Amino acid sequence: TDFLFTGYYPACTFMAFVVAGMAVGRLDLGAARTRLGLAGAGAGLAALGYGGSWLLLYPLGGLDRLVYDAGPDWRGVDPALMGPIRSWMADRLYELHGQVPTDSVWWLVAATPHSGTSFEVAGATGVALLVLIVCVVVAEKAGAPIRPLAAAGAMALTLYAGHIVVMALFDMSYADAAPFRLELFVLGSLVFATLWMPLFGRGPLEWALKWLSDVGPRLLPQDGGGRSA
């Protein structure tokens, strides 16, 4: 249940981003119409997710409902004291990790990071689409100077997993704010990707996933026509 539903990165929630990425990967990102469509979809999703959450929580009173559902009856409290109480509840919205509490249905309208709600998924997907389109346009204009970034982006899974391995090998703590560690990771990733990609064309973990996707269908039983049953 932690892996699928309630963890920091619940698989069922994050599959929405995976499916969205697979769908975008099948589009012709070089076509102006495709870019405009994705930019429009991204703006709409961002407005729906983050804007809709803000509208429901603040102008429409969702934050007050969360306060009232938190336990004590705050309705009789001096109105002058409600400001700090609302601020306390707003801070709680940013402490969610993978799931929301179940003591109020109004938690489902949150869109804070890692809340895992539909509003957060929609908003984050929309922002990702907008960032993607901006990056595609900038990449066309900039050309060679951003090849290290393109190389790193093409092996993001390897670099993401790789930095965790490096931290484990050198006994680093994620809570340790050592000076220049982030900068060294970024620089090391860019150098590694720039040297690796011209030689092999695909990151090691990306290559392993590609191999599995090629081998998987051949392991399925075939019908008489040579197709997967």
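With every protein chain kept in place and ligands, DNA and RNA left out, what is the accessible area per residue of the chain? Probe 1.4 Å, answer in Å².
65 Å²
Taking only the alpha carbons of the stretch 95-140, what extent do you get along each of the three principal axes, in Å, biggest first?
Extents along the principal axes, in whole Å: 49, 15, 9.
So if the hydrodynamic radius of the stretch 1-116 is defined as the Kirkwood radius over C-alpha pairs, what does Stokes-Einstein give as its diffusion coefficient at 4 °C and 1.567 mPa s, in µm² per second?
Working: Rh = 16.5 Å.
In µm²/s, the coefficient is 78.
Given springs between every Cα pair under 10 Å in a Gaussian network model of the chain, which of Asp28, Asp103, Asp214 has the largest fluctuation?
Among Asp28, Asp103, Asp214, the largest mean-square fluctuation in the Gaussian network model of the chain belongs to Asp214.
Order Ile146, Ile133, Ile164, most accessible first, counting only protein heavy atoms with a 1.4 angstrom probe. Display every interim value, and only then the final one.
Details: Ile146 40, Ile133 20, Ile164 85 Å².
Order by accessible area, largest first: Ile164, Ile146, Ile133.
Among Ala168, Ala139, Ala41, which one shows the biggest mean-square fluctuation in a GNM of the chain, springs joining Cα atoms closer than 10 Å?
Ala168
Can you run phi through the Karplus equation (6.51, -1.76, 1.60; θ = phi - 60°) for the stretch 202-207 and list ³J(HN,Hα) in whole Hz, with x for Gly and Pro?
With the stated coefficients, the stretch 202-207 comes to 7, x, x, 6, 5, 5 Hz.
Roughly how many Å² of Phe5 are accessible to a 1.4 Å probe, to the nearest 10?
Rounded to the nearest 10, the figure is 110 Å².
Taking 0.36 nm per residue of sequence separation and subtracting the Cα-Cα distance, how much length would be gained by fully extending the chain between Asp214 and Ala175, in nm to one decimal? Don't skip to the answer; put the middle values down first.
Details: separation 39, 0.36 × 39 = 14.04 nm, distance 3.92 nm.
Contour length minus Cα-Cα distance gives 10.1 nm.
Using alpha-carbon pairs under 8 Å, 6+ residues apart, how would you state the relative contact order of the stretch 1-142 in percent?
Numbers: 157 pairs, mean separation 47.5, N = 142.
Relative contact order of the stretch 1-142: 33 percent.
What does the convex hull of the alpha-carbon atoms of the stretch 144-217 project to on average, in nm²? Walk me through the intermediate numbers first.
Numbers: hull surface 25.1 nm².
Average projection, Cα convex hull of the stretch 144-217: 6.3 nm².
Please list, by residue number, everything in the stretch 3-28 whose backbone N is under 13 Å from a paramagnetic label point 7 Å out along Cα→Cβ of Val136.
Under 13 Å, as judged by backbone N against the label point of Val136, lie 21-28 of the stretch 3-28.
Translational diffusion coefficient of the chain at 20 °C, 1.002 mPa s, Stokes-Einstein with Kirkwood Rh over Cα pairs, in µm²/s as a whole number. The partial results should precede the final answer.
Numbers: Rh = 21.5 Å.
Diffusion coefficient, whole number: 100 µm²/s.
So what is the 222 nm mean residue ellipticity for the chain from helices alone, if each DSSP H run of at least 4 adds -39500 (n - 2.57) and you divide by all residues, rounding to the nearest 500 deg cm²/dmol?
On the way: 10 runs with 142 residues, N = 229.
Value at 222 nm, helices only: -20000 deg cm²/dmol.
Ignoring ligands, DNA and RNA, how do Tyr94, Tyr68 rank by accessible area with a 1.4 Å probe, largest first?
On the way: Tyr94 155, Tyr68 55 Å².
Putting Tyr94, Tyr68 in descending order of accessible area: Tyr94, Tyr68.
For the stretch 18-58, compute Rh as the Kirkwood radius over C-alpha pairs and then the Stokes-Einstein diffusion coefficient at 4 °C and 1.567 mPa s; write the answer in µm²/s, rounded to an integer. Please report the intermediate quantities before stating the final value.
Values: Rh = 11.5 Å.
Translational diffusion coefficient: 112 µm²/s.
For the full complex of protein chains and a 1.4 angstrom probe, list Tyr9, Tyr58 by accessible area with the highest value first.
Numbers: Tyr9 125, Tyr58 100 Å².
Largest accessible area first, the residues go Tyr9, Tyr58.
Just the accessible area for Val100, please: 1.4 Å probe, Å², rounded to the nearest 10?
Estimated to the nearest 10 Å², Val100 gives 30 Å².
In the stretch 130-227, what trypsin sites (Lys or Arg not before Pro) fall in a loop by DSSP, with at most 13 other Cβ atoms inside 10 Å?
Working: sites: Lys141, Arg181, Arg202, Lys210, Arg218, Arg227; in loops: Arg202, Arg227.
Counting only loop positions with at most 13 other Cβ atoms within 10 Å, the trypsin sites (Lys or Arg not before Pro) in the stretch 130-227 are Arg227.
What figure, in Å² to the nearest 10, do you get for the accessible area of His114 with a 1.4 Å probe and non-protein molecules left out?
Looks like 40 Å² after rounding.
Relative contact order of the stretch 144-217: what whole-number percent is it, with Cα pairs under 8 angstrom and at least 6 residues apart?
Once divided by the residue count of the stretch 144-217, the mean separation gives 51 percent.
Determine, from the Cβ-Cβ distance of Val127 and Tyr9 and an R0 of 25 Å, the FRET efficiency 1/(1 + (r/R0)^6), rounded to the nearest 0.05.
Working: r = 18 Å, r/R0 = 0.70.
Rounded to the nearest 0.05, the efficiency is 0.90.
I'd like the carbon and sulfur percentage of the solvent accessible area for the stretch 26-105, probe radius 1.4 Å, heavy atoms only, ligands and nucleic acids excluded. Can you show the working numbers first?
Values: 2990 of 4960 Å².
That fraction is 60 percent.
What number, in percent, do you get for the relative contact order of the stretch 91-229 if the mean sequence gap of Cα pairs under 8 Å and at least 6 apart is divided by its residue count?
Details: 87 pairs, mean separation 22.3, N = 139.
Relative contact order for the stretch 91-229 comes out at 16 percent.
The values are calculated or read from the model by the stated rules, or taken from the named source; none is laboratory data. Since this is a predicted model, take the numbers as computed values, not measurements. Reconstructed Cβ throughout: ideal geometry from the backbone, glycine too, with neighbour counts over all protein chains shown. Surface accessibility is based on the protein's heavy atoms, side chains included, excluding ligands, DNA and RNA. Shrake-Rupley method; radii C 1.70, N 1.55, O 1.52, S 1.80 Å.
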